[in-house]
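Encoded as structure tokens, the structure appears first; notes follow it.
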Amino acid sequence: MPPDTGFDRLTDKQHTRACRCRATGLLTIGSLIVALAWAGPVLADTVTVEISGIDNPLRTNARKSLSVAAKHDDAWSAAHIRTLYRLAPQEIRQALAPYGYYAPDIETELTPPTGDADIWQAHFTVDKGPATKIRALNIAARGPGDELEALQSAMRNSELATGQRLVHSRYTATKGAMFDAAYSAGYLDAKFSASAIRVDPEEKRAEIDLVLDTGERYYFGPVTFKQDLLADDFVQRFVPFSQGQPYSAQELIDLQLVLNDSDYYSQIEIDAERARAQRKLEENAWFYDLIYPPSDPLESIGQLRIPVTVTAEPSKGQSYKFSAGYGTDTGPRVGAGVTFRHLNKQGHQFRLDTRVSQIQRSLQAAYDIPIENVAKDKLSFTGTINNEQFGDITSTYYGVGVVRDTGWQLGRKRAYLRFQQEFYDLGDGNRSSVLLYPGYNITLQKADDLLFTRQGVSASADVHGAAEALASSTNMISAELNGAAVVPITDTTRLVTRGRLGAIGTDNFEDVPPSQRFFAGGAQSVRGYSYQSISPTNDDNEDIGGRYVATFSVEGNWFFYKKFGLATFFDAGDVVNSVGDYSLNKGVGLGVRYGSPVGMVRLDVAHPLDDTGGDFAIHFSLGPDL
């Protein structure tokens, strides 16, 4: 028999039981007593419970632990109430123990109903007593992964310390952090050889042992795809890890997400069982290990590699999409598209999209070829037919191009080359232009929620140019920068800001077609002014677009009920042909907001502050804030 040390030993199972708000054993006994009590007369009695002497979170946990304070649909008898009342002191003690208070002094008082009232009064005065302090603390890691930085960090950052009050949640957090660090690094056999809290209630002291044995590290083995839709050498490029890389469950999750997003498959199943792990020793590895000893000494006898099997069911050969909407800028609009997903074994796809609204009719086609990082990068050959109203000018253009679209950590990068022929009338007769222009576009976007953003930022920059020496009808270079930010102010308020800057460098602006010019005004620009109505004009007072643009917007939102809110805003901006001509058009207004499943619904009433604007303008739009 082990010597009596004066400590009560809590194993993990016992520790978990002690942390519960109620003692299962006591409730079981209480349930039997309750059953007997209900055999007597039933009274419509309820209990008001008051706990004094302790503050939150102790008081909250104590109240949750009390059977006599539990909600109930049926009436309680007097005998039943007295039974639950007698359980209360022990329940309170168990509720305070996880916070380091093992010997509280509890005074109880139960007052029966008086007069016609049927409410009992239960009062508990609690003196939590001195806290139990940690006298001895043993936190350690053993095994091949004992020097793993993430594991060492978990131990260094533990809130457990000698001399500090014993708090069970800190023990649980430390234990979880240590195990997660080891497991996520590939130590799948990690387990605690010692994990216990020993408490001496009389001396108010505790000893903690928390020792993790990491076991051997596991690594990724070969990845096998069970599918015949795509070539194996192509589909292997989706795998975000390589053979011999430490095993990580997160990497498998990333693989599943990437395959789901690829649009090639309708169902993905990934099997990686460590029971199938096989030891793999690279050829001539012993010589390399002599010069550069591995961090894991067991690597010298070979890595335990887990084979991964991916079973994939192909998606349908074609996908279709349809859309419809309304905005004050565009009027009613509809769209339709089809994607041919499975053109060949190398993952090529073909897309066809059409859009129709009051201001635009377009048909776009694209042939996509995955490149490099096939999950994010593609080379697209595009064709476009577009009839669109820019300001008061109607333009029709035909274009073909090639786009290299690649992902980066915060957004997208696009390098493109486009050939475009455009037909239009600026008020002085029919015109046409031909542009062959290379360009580069970069976007970034980061938000807590893209559809209902509380905090986030987005930005885009585009630059492109054309030259007469390269088959274009004019020399020009265009640059544009857009940005938006959402900043939380309180739990129910936020600040939304937007800005836009653009400029065109050219020796003959008259030859720049409408699709390349700048316009402002509308629901996503300067509110209070109609869509693209802020612009230089021709002799007929028609808006024909300008050379420079600058706009900004500041908006405050208050969400008074869930995702319903109000907005107030100030917008300003101008489009000019000479920087010295800037004279900001300003608008102010109020609006309502609703965070719908497809983005923010906005309805605004705006008033222009300059002399040329109307009295009020109504703007309606739908979509993300960023």
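The values are calculated or read from the model by the stated rules, or taken from the named source; none is laboratory data. Here the structure is a predicted model, which means the values were calculated and not measured. All Cβ positions, even for glycine, are placed from backbone atoms using ideal geometry, and neighbour counts span all protein chains on display.
Quick check on the stretch 496-512. Is at least one of its residues closer than 15 Å to GLY391 by Cα and not basic (Lys, Arg)?
Let us first name the residues in the stretch 496-512 that are closer than 15 Å to GLY391 by Cα, namely 512.
Add one more test, that the residue is not basic (Lys, Arg), and what stays is 512.
Looking for residues that are closer than 15 Å to GLY391 by Cα and not basic (Lys, Arg), one finds at least one in the stretch 496-512, hence yes.
For the subset of the stretch 442-455 comprising residues that are under 21 Å from the mean Cα position of the chain (by Cα) and assigned to a strand (DSSP E or B), which member is farthest from GLN420 (Cα to Cα)?
So in the stretch 442-455, the residues under 21 Å from the mean Cα position of the chain (by Cα) come out as 443-455.
Now restrict to residues that are assigned to a strand (DSSP E or B): 443-447.
Details: THR443: 23, LEU444: 27, GLN445: 29, LYS446: 33, ALA447: 35 Å.
Among them, the one singled out is ALA447.
Taking the stretch 70-108 as the region of interest, how many residues are part of a loop (DSSP other than H, G, I, E, B) and surrounded by fewer than 21 Cβ atoms within 10 Å (Cβ to Cβ)? Break it down into steps so the answer makes sense when it comes.
Filtering the stretch 70-108 down to residues part of a loop (DSSP other than H, G, I, E, B) leaves 70-75, 77, 100-104.
In the following step, the residues that additionally are surrounded by fewer than 21 Cβ atoms within 10 Å (Cβ to Cβ) were identified as 70-75, 77, 103-104.
Of the residues in that region, 9 qualify.
Which one is surrounded by the most Cβ atoms within 10 Å (Cβ to Cβ), of the residues in the stretch 358-377 that are at pLDDT 95 or above and among the small types (Gly, Ala, Ser)?
Here the answer is ALA366.
Taking into account only those residues within the stretch 148-194 that are in a strand (DSSP E or B) and within 35 Å of the chain's Cα centre (by Cα), which is nearest to GLY215 (Cα to Cα)? Please lay out each step first, then the result.
Going residue by residue through the stretch 148-194, those that are in a strand (DSSP E or B) are 165, 191-194.
When the remaining residues are screened for being within 35 Å of the chain's Cα centre (by Cα), the result is 191-192.
Values: LYS191: 8, PHE192: 10 Å.
Only one residue fits best here, namely LYS191.
Starting from the stretch 92-104, keep only residues that are within 13 Å of ILE51 (Cα to Cα), then list their pairs with residues that are of a type in the set (Phe, Trp, Tyr) whose Cβ atoms are within a distance under 7 Å, requiring at least 6 positions of separation or different chains.
That search, which allows pairs on different chains as well, returns ILE92/PHE124.
Scan LEU229, LEU252 and give me the residue that is closer than 30 Å to LEU343 by Cβ and in contact with a His (Cβ under 7 Å, 6 or more places away or on another chain). Working first, answer last.
On the way: LEU252 fails: in contact with a His (Cβ under 7 Å, 6 or more places away or on another chain).
Only one candidate qualifies: LEU229.
Which of the residues that make up the stretch 505-523 are surrounded by fewer than 19 Cβ atoms within 10 Å (Cβ to Cβ) and more than 19 Å from ASN430 (Cα to Cα)? Walk me through how you get there before you give the answer.
Our first condition is that a residue be surrounded by fewer than 19 Cβ atoms within 10 Å (Cβ to Cβ); within the stretch 505-523, this holds for 505-511.
The answer is GLY505, THR506, ASP507.
Quick check on this structure: which one of LEU566, LEU603, LEU590, LEU622 is modelled with pLDDT under 95, in a strand (DSSP E or B) and surrounded by fewer than 18 Cβ atoms within 10 Å (Cβ to Cβ)?
Working: LEU566 fails: modelled with pLDDT under 95; LEU603 fails: modelled with pLDDT under 95; LEU590 fails: modelled with pLDDT under 95.
Step by step, each of LEU566, LEU603, LEU590, LEU622 is checked, and only LEU622 is modelled with pLDDT under 95, in a strand (DSSP E or B) and surrounded by fewer than 18 Cβ atoms within 10 Å (Cβ to Cβ).
Would you confirm, using the coordinates I've provided, whether GLY623 is small (Gly, Ala, Ser), under 30 Å from SER472 (Cα atoms) and free of Cβ contacts under 8 Å to residues at least 40 places away in the same chain? If you could, list the steps in order and put the result at the bottom.
Values: small (Gly, Ala, Ser): yes; under 30 Å from SER472 (Cα atoms): no; free of Cβ contacts under 8 Å to residues at least 40 places away in the same chain: yes.
For GLY623, the condition - small (Gly, Ala, Ser), under 30 Å from SER472 (Cα atoms) and free of Cβ contacts under 8 Å to residues at least 40 places away in the same chain - is not met.
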